[in-house]
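What follows is a single structure, written as C-alpha cells, with notes after it.
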Amino acid sequence: MTGRTAQQGRDEAVAALRRIAFLLERDQASAYRSEAFRAAAGSVERTPPDQVLALAAAGSLDDLPGVGARTAEVVTQVLRGARVEYLDRLEAELASSPAPVGPAAELRAALRGDLHAHSHASDGTTSIQEMVLAATSLGHEYLAITDHSPRLTVANGLSPARLTAQLEEIEALNGAVAQFSVLTGIEVDILEDGTLDQEPALLQRLDVVVASVHSKLRMDRAAMTRRMLAAVADPHTDVLGHCTGRRLTGGRPRPPSEFDAHAVFDACAEHGVAVEINCRPDRLDPPHELLQIAVDAGCVFTIDTDSHAPGQLDWLIAGCERAVQHGIGPDRVITTLPVDQLVHRPR
C-alpha cells in the first residue's frame, strides 16, 4: 500500500464494502449477499488498521469474523490500490440504467428526506447510524426512524421501554451529525378498533407517527373503514402508511384491503394527515385508482421508501413517477419542506 496510512487504507476498504452492500440492496439482490458485505465492513472497521494490513499480507483476512473469500478479495484489492472489479461492475450497471427525466426527476430533486425507515431495532437489517450514512450520501436533509410498535411481534416491535431508549439514542446521534436531522418516529399499528398501538404520551414525543394496518387485513369493508377513520382522526397520526397493505411480489402476494377510499381520504384531508406513496417495489401503495381519489380529496402526500436496508433509501424515484402521473407536484408533498416546517406543520 503506497501513499496512504494504514487507517486510510482500512477506511477505504470499509467504504468499498458498504458501497457494494448499498448497490445490492438498491437492486433488490438477496439479503444474504448484501448483509455479507455489511457484516464484513463492520468487522474490518472494528479491527485495528495495522492488523488489517498484516492479515491482508498473510492472506488471512478471512480469519476476521464475517469476512469470507469474496469480501477479503475486495479488501485486498483496495489495500493494494487496485481496481475492485465487483464494485466496478455494480457501478457500471447503475450508470447504464435510464436516468429519470422530466417532472419525476424534478420532484425527486425537491425531496429533502424520507419519513418511513426501519432499523435493526425492529425488522430492518442495520443500525440507525448505517441508515443515516446512506441517507446523507443520497443528499437527504432528514430521515425518520419508524420502527414497528409492540403488537407486531413478528417484526420485533418496540415496547415503550425500547422506544424510549431509542429516543435517547437518536438524541445522542443528532448531537454528533452536522447539518442532518434524525427524526424520531414510529410505524404504529392501527389496531382493530382504530386505536394506535403505543402509549399516547410516547407518541406525543415523536416527530413523525406513521399509522399502518398490519393485521386482519381482510376485514369487511365497513369495519376496515371505521378502523382507518378512527386512526386518521387520532391527533397523533401524521401519515397514513401503505393504506391497502397489498403485496405485489414475493412468495405470498396479497390483495389490497377493502375500505371506503372516499371517506378515508376525505378524513385525511380534513385532519391534515399525509397519505403515503410507498415506494417499495413489492407494495407501490396506494394503487393508481386510490391515489387519484386521494388527489381529488385534496390530500397532501409523503413519498417514502419504507426502507429496511440502507440501499433501499434510493427507491424514492418510484414514488415520484407514480405521483406525477396524477399531477402531484412538490407543493403537495410534505417531504419537500425544510425540517423545521415539516415537524411543525399545522394540522
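The values are calculated or read from the model by the stated rules, or taken from the named source; none is laboratory data. Since this is a predicted model, take the numbers as computed values, not measurements. Reconstructed Cβ throughout: ideal geometry from the backbone, glycine too, with neighbour counts over all protein chains shown. We work out accessible area using only protein heavy atoms, side chains counted, and drop any ligands, DNA or RNA first. Shrake-Rupley method; radii C 1.70, N 1.55, O 1.52, S 1.80 Å.
Scanning segment 83-93 for residues that are open to solvent by 50 Å² or more (accessible area, probe 1.4 Å) and either outside any helix (DSSP H, G or I) or closer than 30 Å to Val339 by Cα (or both) returns a single hit, Arg83.
Taking segment 1-22 as the range and being modelled with pLDDT of 95 or more and in contact with an Asp or Glu (Cβ under 7 Å, 6 or more places away or on another chain) as the test, only Val14 passes. Of all residues in segment 59-76, none are out of contact with any Cys (no Cβ under 7 Å at 6 or more places or on another chain), buried (at least 21 other Cβ atoms within 10 Å of the Cβ) and among the charged types (D, E, K, R). Here is the figure for segment 151-170: residues that are in contact with a strand residue (DSSP E or B) (Cβ under 6 Å, 6 or more places away or on another chain) and either under 14 Å from His118 (Cα atoms) or assigned to a helix (DSSP H, G or I) (or both) total 5. Considering segment 235-347, the qualifying helices (runs of 4 or more DSSP H), each wholly inside and each with 2 or more residues that are within 23 Å of the chain's Cα centre (by Cα), run over 288-297, 316-324, 339-343. Take Arg108 and tell me if it is touching a Leu at 6+ places or on another chain (Cβ under 7 Å), open to solvent by 20 Å² or more (accessible area, probe 1.4 Å) and in contact (Cβ under 8 Å) with a residue 12 or more places away in the chain. It is true that Arg108 is touching a Leu at 6+ places or on another chain (Cβ under 7 Å), open to solvent by 20 Å² or more (accessible area, probe 1.4 Å) and in contact (Cβ under 8 Å) with a residue 12 or more places away in the chain.
Among the residues of segment 163-186, are any without any contact (Cβ under 8 Å) to a residue 24 or more places away in the chain, open to solvent by 10 Å² or more (accessible area, probe 1.4 Å) and among the acidic types (Asp, Glu)? Yes. Of all residues in segment 119-150, those being among the hydroxyl-bearing types (Ser, Thr, Tyr), open to solvent by 20 Å² or more (accessible area, probe 1.4 Å) and either over 19 Å from Arg19 (Cα atoms) or in a loop (DSSP other than H, G, I, E, B) (or both) number 2.
Mind counting the residues in segment 2-15 that are surrounded by fewer than 20 Cβ atoms within 10 Å (Cβ to Cβ) and either on the phi > 0 side of the Ramachandran plot or not in a loop (DSSP other than H, G, I, E, B) (or both)?
Number of matching residues: 7.
Taken over segment 215-233, the criterion of being in a loop (DSSP other than H, G, I, E, B) and in contact (Cβ under 8 Å) with a residue 40 or more places away in the chain is satisfied by Ser215, Leu217.
Only residues that are open to solvent by 60 Å² or more (accessible area, probe 1.4 Å) and either touching a Leu at 6+ places or on another chain (Cβ under 7 Å) or closer than 20 Å to Glu91 by Cα (or both) were counted across segment 33-50, and they come to 2. Taking (1) closer than 30 Å to Ala318 by Cβ; (2) touching a helix residue (DSSP H, G or I) at 6+ places or on another chain (Cβ under 6 Å) in turn, Glu85 satisfies each apart from (2). One residue alone among Asp266, Asp296, Asp285, Asp304 is modelled with pLDDT of 95 or more, more than 23 Å from Ala223 (Cα to Cα) and surrounded by 19 or more Cβ atoms within 10 Å (Cβ to Cβ), and that residue is Asp304. Counting only residues that are in contact (Cβ under 8 Å) with a residue 60 or more places away in the chain and within 22 Å of Ala274 (Cβ to Cβ), segment 125-146 holds 9 of them.
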